[in-house]
Amino acid sequence: MTTRVIDLATEGVRGLNAALHADKAHKHWQVLNPAGLHSIAVGIDAPTTVEIDGHVGYYCAGMNKHASVTVKGNAGVGVAENMMSGRVHVLGDASQAAGATAHGGSLIIDGNASARCGISMKGVDILVKGNIGHMSAFMAQAGTLTVLGNAGDALGDSIYEAKIFVRGTVAGLGADCIEKEMRDEHKALLFGRLKAAGLDGQVDVGEFRRYGSARKLYNFTTDNLDAY
Amino acid sequence: MSSYHNPHTFPRKSAAFDDYALSEIRRAAATGLYDIRGGGAKRKVPHLDDLLFLGASMSRYPLEGYREKCGTNVILGDRFAKKPIELKIPVTIAGMSFGSLSAEAKEALGRGASAMGTSTTTGDGGMTPEERGHSSILVYQYLPSRYGMNPDDLRKADAIEVVVGQGAKPGGGGMLLGQKISERVAEMRCLPQGIDQRSACRHPDWTGPDDLEIKIEELREITDWQKPIYVKIGAARPYYDTALAVKAGADVVVLDGMQGGTAATQEVFIEHVGLPLLAAIRPAVQALQDLGMHRKVQLIVSGGIRNGADVAKCLALGADAVSIGTAALVALGDNDPVHETEYRTLGTTAGAYDDWHEGRDPAGITTQDPMLAKRLDPVLAGRRLANYLAVLALEAQTIARACGKSHVHNLEPEDLVALTVEAAAMAKVPLAGTDWIPGNESRGRGPY
């Protein structure tokens, strides 16, 4: 398998994205000198692999479909935002809104993720090996957010049907988010997510707590005013 | 013996505590909930009706009304997009979601707009195949909720509209109550059926105009710089908001006044937040002019547009096109007196029905009830909309010709006067019969 190398210092983000969109048959790409540029490898619609050698700016791998994108560095705001499928792996830390509104696929962050991780997520599976910031999983609709470290304040505020697993501490829960029983089905689900991230056998699902929606705010009534 | 009674004064109701205010106090006391409704501001505010065209006379030369050409086309999005849009008429259909409207209504909007060579717009909830299929030019809204947002539909769209706000509720999010969440609507939005669906008031992955610039760049990259990108704002601080939208890279700015409708929000929000359209157009145009971008970044305005005179007045004030929502629904059949008996059953009357969020629309437009939705024939309703759009264009042309203009875009503020001091100040045109433009004496406060 040949690797097509794109140097952003010479070809720019437009050159990269245009090539990724036009040459869907090519299976492996390497991106050099990302230098924190924004919108790197966005809108891919092919089962290809992309390795980015360095730090990326906003929205890396945004709206990804099918592709496997690896960031060998840190990621800026909104990495893998609105991803539909595929896999995005950040070897460093991620800024806020990682995996925002993503419908599918998996997002793995080896380091920490900042505020609003998984905001409005719609089916993606996010796994953060470090900690996550405040307001994570805000209005999260579907999918899983797995955190091996700690979670910041207002976790899962106004959450819908997404499932949150946290191994460490939670600074505070948001409106309508509660701790829930960790039944066998949830342990099996979590195990699957850990296995997909290559962590099976390394992390015990029994160390996690599950959080989700109390479903008390699903239909607005005046009796819930204190919840807001 | 004659008896004398002191005469009573005539019963007088309070101007402040009028019948509506009293009924709202009683309703609030009974329910403990704020009132939610659809539509835009109903209160009387300074309006386009407060302006008049001068027409041609000795000093202006008119065009022959039925013969001489008066262009109505408009090109949108030629600042950055490889594929700008050309509309045959300067009237577009505003964003309204599948969910708030039935699939039949969305189809009818597409049919009507396409017949007249103009665009329609998706809404919160994504793009349906029917809507794409029946809309020759379709603008895809990019909203905070991102319900139904996906790159395939993004690429199918003819333009992308990043929604920052809307006139009915600047600073507010959306709400689609559970009774309208059918199985299909729920599936498109990745949420359970029957629950209230809140749409966030802020975008999840950007904050402020500097971030928006990066977001717009991402959308351009995903779509290979082909699609025009609009930024829609509710009328609040139109000078600065327009300037910042331009700075963020918008091809088109959409400015929505407080008369612009919504599917559902709090009555107090609709009536008490935001500016009337009349007050918003000139500051937005001023921002474009100050940046040297007038006619380069196009301005679409909306909120209470009803007839060709409204269209012509907006264009004369500097807009490139207008957008209609409520009027388009009325053209389809919304609030038609033919359903009066059913409106009465719902506790309202034709022309006042605004409980669109309840999904019980007798006209079958603002509903997801299959039996009600069937009442609307998309072909017939689309024809009505096309007819209405044609009249808007014809009326705007009629006025433009009377002012001696060979294209509706040649209308200008100089063609207008105002009937009230307020309208003169807001539209920055002279009070009728005078050369007085209130506010022109002092530039102390500057634009807002």
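The values are calculated or read from the model by the stated rules, or taken from the named source; none is laboratory data. Fair warning: this is a prediction, and the values are worked out from it, not measured in the lab. Note: ideal-geometry Cβ built from the backbone for every residue, glycine included; neighbour counts use all protein chains shown.
Miscellaneous remarks
- Pairing residues of region B:230-255 that are polar (S, T, N, Q) and buried (at least 24 other Cβ atoms within 10 Å of the Cβ) with residues that are modelled with pLDDT of 95 or more and assigned to a helix (DSSP H, G or I), at Cβ distances under 8 Å and at least 6 apart in sequence or on separate chains, gives B:242/B:283; B:242/B:284; B:242/B:287; B:242/B:288.
- Only residues that are buried (at least 19 other Cβ atoms within 10 Å of the Cβ) and either assigned to a loop (DSSP other than H, G, I, E, B) or more than 16 Å from the chain's Cα centre (by Cα) (or both) were counted in region A:56-72, giving 9.
- Filter result for the condition that a residue is more than 27 Å from residue B:198 (Cβ to Cβ), of a type outside the set (Asp, Glu) and in contact with a strand residue (DSSP E or B) (Cβ under 9 Å, 6 or more places away or on another chain), over B:171, B:126, B:112, B:165: B:112
- Enumeration of residues in region B:129-138 that are under 16 Å from residue B:102 (Cβ atoms) and either within 9 Å of chain A (Cβ to nearest Cβ) or touching a strand residue (DSSP E or B) at 6+ places or on another chain (Cβ under 8 Å) (or both): B:131, B:135
- Of residues in region B:33-70 being small (Gly, Ala, Ser), assigned to a loop (DSSP other than H, G, I, E, B) and surrounded by 11 or more Cβ atoms within 10 Å (Cβ to Cβ), the one nearest to the chain's Cα centre (by Cα): B:40
- Verdict on residue B:206 being on the phi > 0 side of the Ramachandran plot and either more than 7 Å from chain A (Cβ to nearest Cβ) or assigned to a loop (DSSP other than H, G, I, E, B) (or both): no
- The condition of being assigned to a loop (DSSP other than H, G, I, E, B) and of a type in the set (S, T, N, Q) holds for residue B:349.
- Taking the conditions (1) crowded, with 24+ Cβ neighbours inside 10 Å; (2) facing chain A (nearest Cβ under 10 Å); (3) of a type in the set (Asp, Glu) in turn, residue B:124 satisfies each one other than (2).
- From the options B:227, B:215, residue that is surrounded by 24 or more Cβ atoms within 10 Å (Cβ to Cβ), modelled with pLDDT of 95 or more and at the interface with chain A (Cβ under 10 Å from one of its Cβ atoms): B:215
- If the condition is being part of a helix (DSSP H, G or I) and away from chain B (no Cβ under 13 Å), then region A:3-50 contributes A:9, A:10, A:11.
- Conditions (1) within 14 Å of another protein chain (Cβ to nearest Cβ); (2) surrounded by 18 or more Cβ atoms within 10 Å (Cβ to Cβ); (3) in contact with an Asp or Glu (Cβ under 8 Å, 6 or more places away or on another chain): number failed by residue A:219: (2)
- Among the residues of region B:283-321, those that are under 17 Å from residue B:426 (Cβ atoms) and assigned to a strand (DSSP E or B) comprise B:299, B:301, B:302.
- Only one entry in B:437, B:365 is in contact (Cβ under 8 Å) with a residue 40 or more places away in the chain and in contact with a Leu (Cβ under 8 Å, 6 or more places away or on another chain), namely B:365.
- In region B:139-154, the qualifying residues are those that are of a type in the set (Ser, Thr, Tyr) and under 15 Å from residue B:216 (Cα atoms), and the one that is farthest from the other protein chains (Cβ to nearest Cβ) is B:140.
- Qualifying residue in region B:355-370 (condition: surrounded by 24 or more Cβ atoms within 10 Å (Cβ to Cβ) and part of a helix (DSSP H, G or I)): yes
- Tally, over region A:155-204, of residues that are among the hydrophobic types (A, V, I, L, M, F, W, C) and within 23 Å of residue A:90 (Cβ to Cβ): 15
- Hey, residue B:328 within 28 Å of residue B:103 (Cα to Cα), in contact (Cβ under 8 Å) with a residue 24 or more places away in the chain, of a type in the set (Gly, Ala, Ser) and touching a strand residue (DSSP E or B) at 6+ places or on another chain (Cβ under 9 Å) or not: yes
- Identity of the residue in region B:350-409, touching a helix residue (DSSP H, G or I) at 6+ places or on another chain (Cβ under 6 Å) and of a type in the set (Ser, Thr, Tyr), that ends up nearest to residue B:111 (Cα to Cα): B:388
- Residue check for residue A:228: in contact with a Pro (Cβ under 9 Å, 6 or more places away or on another chain) and at pLDDT below 95: no
- When the criteria are applied in full, residue A:76 fails the requirement of being closer than 24 Å to residue A:134 by Cβ and more than 14 Å from every other protein chain (Cβ to nearest Cβ).
- Test: residue in region B:259-279 that is away from chain A (no Cβ under 14 Å), touching a Leu at 6+ places or on another chain (Cβ under 7 Å) and in a loop (DSSP other than H, G, I, E, B): yes
- Scan of region B:265-280 for residues that are in contact with a Phe, Trp or Tyr (Cβ under 7 Å, 6 or more places away or on another chain) and surrounded by 24 or more Cβ atoms within 10 Å (Cβ to Cβ), ordered by number: none
- Number of the exception - residue B:86 against (1) under 25 Å from residue B:380 (Cβ atoms); (2) surrounded by fewer than 22 Cβ atoms within 10 Å (Cβ to Cβ): (1)
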